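See structure below.
The values are calculated or read from the model by the stated rules, or taken from the named source; none is laboratory data. Quantities reported herein were computed from a predicted structural model and do not represent experimental measurements. Positions of Cβ are backbone-derived with ideal geometry, glycine not excepted, and every protein chain shown enters the neighbour counts.
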Amino acid sequence: MSSFAADSLKFRNPQLAQNIAQKIKALAPKKGKVKICHVCGTHEWTITHFGLRSLLPENVEVIAGPGCPVCIVPAAEIDEAVQLARKGVVVTCFGDVLRVPGSEGSLLDAKAAGADVRIVYAVSDALQIAKQEPDKEFVFSAVGFETTAPSTAVEALGNPPKNFSFLTSHRLIPPAMELLLGVGDLEIDGFIAPGHVSAIIGLKPYELFPRIYRMPTVVAGFEPIDVLMAVYMIVKQVSEGTALLENEYPRVVKPEGNPKALEMMNKAFTVTAGNWRGIGRIPDSALQLRESLSDYDARQKFGMRVKQGKDILLGCECHLVIIGKIKPKECPMFMKACTPAKPVGACMVSSEGTCRVWAKNVAVQG
Ligand code: SF4
């Protein structure tokens with residue numbers, strides 16, 4: 001285990017962290033490796049910012065899967081937003097969507113060329129602006145996992161103004177986790193499931209991982225101690241040869257999730273196959289507005305759908321970073337041609353992107 005300079009880390013309880021790290025070390029296999037995958041940009045931030053990997057034995061590895069909802073939006077769906085903006089539709093989006101590369105530029109490029117693209121902090125803000133400017137058509141680029149989909153659902157069901165529609169790019173996490181298990185050479189031994197997604201969906205959608213795949217799965221919170229505990233719980237399961245679904249984050253995540261949010265999502269969306277940047281098409285992984293809300297579906301309203309986009313630019317390794325096959329620093333462009341100030345790939349754009357997280361904590365990663 002690497003040395004742990006507890007004073008230099010900002011743990012609220014460094015002694016507890018040290019104790020958990022010692023327990024992980026004691027349970028780690030004498031031979032072979034335990035590879036744990038998380039699927040959450042916030043978990044990656046906690047892990048890198050607090051240097052948690054340096055506390056783990058060398059044969060316990062934590063890799064980052066597709067946990068950044070902005071990074072995995074396929075270029076085709078950015079292209080759709082760019083096309084609408086170029087046609088004179090006002091495109092509203094969250095700030096980190098602005099710079100995500102499409103096949104031929106981002107929404108920021110479209111804005112620089114004169115298109116009306118506006119950053120909002122909530123979908124309700126976008127609706128408010130649309131009501132104030134009834135002569136213009138507004139589209140909201142709805143990006144996010146199960147955490148943000150309920151807000152889109154609530155607004156879509158709330159009788160939006162006629163000059164407003166949604167360009168949905170919502171994706172679901174459990175199908176992506178299942179897909180990772182089919183990537184043979186990843187050889188994952190356990191999953192850390194994201195606390196905020198789980199607060200919405202509950203525990204049931206993860207039950208297949210231990211039951212069918214014999215994959216230890218632990219729902220975890222976002223404090224450093226939460227993540228270390230999740231690693232400990234998985235390493236313990238591996239050492240005992242068990243495969244269970246456990247909840248490290250019961251202070252927020254209830255087994256049933258958030259029934260109200262799930263009800264709203266179910267009323268607004270149907271589940272369909274969706275493309276993920278760097279991964280491809282995943283069955284049952286995307287949310288599409290129901291037919292009853294088709295007036296508010298930008299793709300239907302404007303008769304527009306881009307089928308194929310250019311997801312990965314020449315030299316960019318985002319497709320490997322997104323599935324945890326390589327670390328950001330293994331991409332030749334990391335902190336050279338691709339930096340937070342001048343991102344090339346999608347993983348460097350959002351604060352939840354693995355490359356962006358590593359770039360911001362480059363001293364920690366060494
Ligand atoms: Fe993509 Fe940039 Fe990361 Fe390379 S460093 S994988 S180009 S985001």
Go through (1) in contact with a helix residue (DSSP H, G or I) (Cβ under 7 Å, 6 or more places away or on another chain); (2) farther than 20 Å from ALA176 by Cβ; (3) within 8 Å of the ligand (Cβ to nearest atom) for ALA298 and report which single condition fails. (3)
For region 301-323, give me each residue that is in contact with a helix residue (DSSP H, G or I) (Cβ under 9 Å, 6 or more places away or on another chain) and outside any loop (DSSP other than H, G, I, E, B). LYS301, CYS318, LEU320, VAL321, ILE322
How many residues are in contact (Cβ under 8 Å) with a residue 60 or more places away in the chain and of a type in the set (Val, Ile, Thr) when one looks only at region 299-320? 1
Any idea how many residues of region 324-348 are in a loop (DSSP other than H, G, I, E, B), farther than 17 Å from ILE279 by Cβ and more than 7 Å from the ligand (Cβ to nearest atom)? 9
Identify, please: which residue in region 295-318 is among the acidic types (Asp, Glu) and crowded, with 20+ Cβ neighbours inside 10 Å and is, among those, nearest to CYS71 (Cα to Cα)? ASP311
Restricting to region 282-312, what's the tally of residues that are in contact with a Gly (Cβ under 7 Å, 6 or more places away or on another chain) and either more than 28 Å from MET348 (Cα to Cα) or not β-branched (Val, Ile, Thr) (or both)? 4
Wholly inside region 1-117, strands (runs of 3 or more DSSP E) that include 1 or more residues that are more than 27 Å from PHE140 (Cβ to Cβ) are 34-38, 60-64
Please go through region 183-205 and give me each residue that is farther than 14 Å from PHE145 by Cβ, in contact with a helix residue (DSSP H, G or I) (Cβ under 9 Å, 6 or more places away or on another chain) and surrounded by fewer than 24 Cβ atoms within 10 Å (Cβ to Cβ), ordered by number. LEU186, ILE188, ASP189, GLY202
Out of the residues in region 349-358 that are at pLDDT 95 or above and either more than 8 Å from the ligand (Cβ to nearest atom) or exposed (fewer than 14 other Cβ atoms within 10 Å of the Cβ) (or both), which is farthest from LEU98 (Cα to Cα)? TRP358
Check VAL321 against each of (1) surrounded by fewer than 23 Cβ atoms within 10 Å (Cβ to Cβ); (2) of a type in the set (Val, Ile, Thr); (3) near the ligand (Cβ under 9 Å from one of its atoms) and name the one condition it does not meet. (1)
Starting from residues that are in contact with a helix residue (DSSP H, G or I) (Cβ under 9 Å, 6 or more places away or on another chain) and of a type in the set (Lys, Arg), keep the ones in region 264-295 and report whichever is farthest from GLY102 (Cα to Cα). LYS267
Flag if SER285 is away from the ligand (no atom under 16 Å from the Cβ), surrounded by 13 or more Cβ atoms within 10 Å (Cβ to Cβ) and under 17 Å from ILE72 (Cα atoms): yes
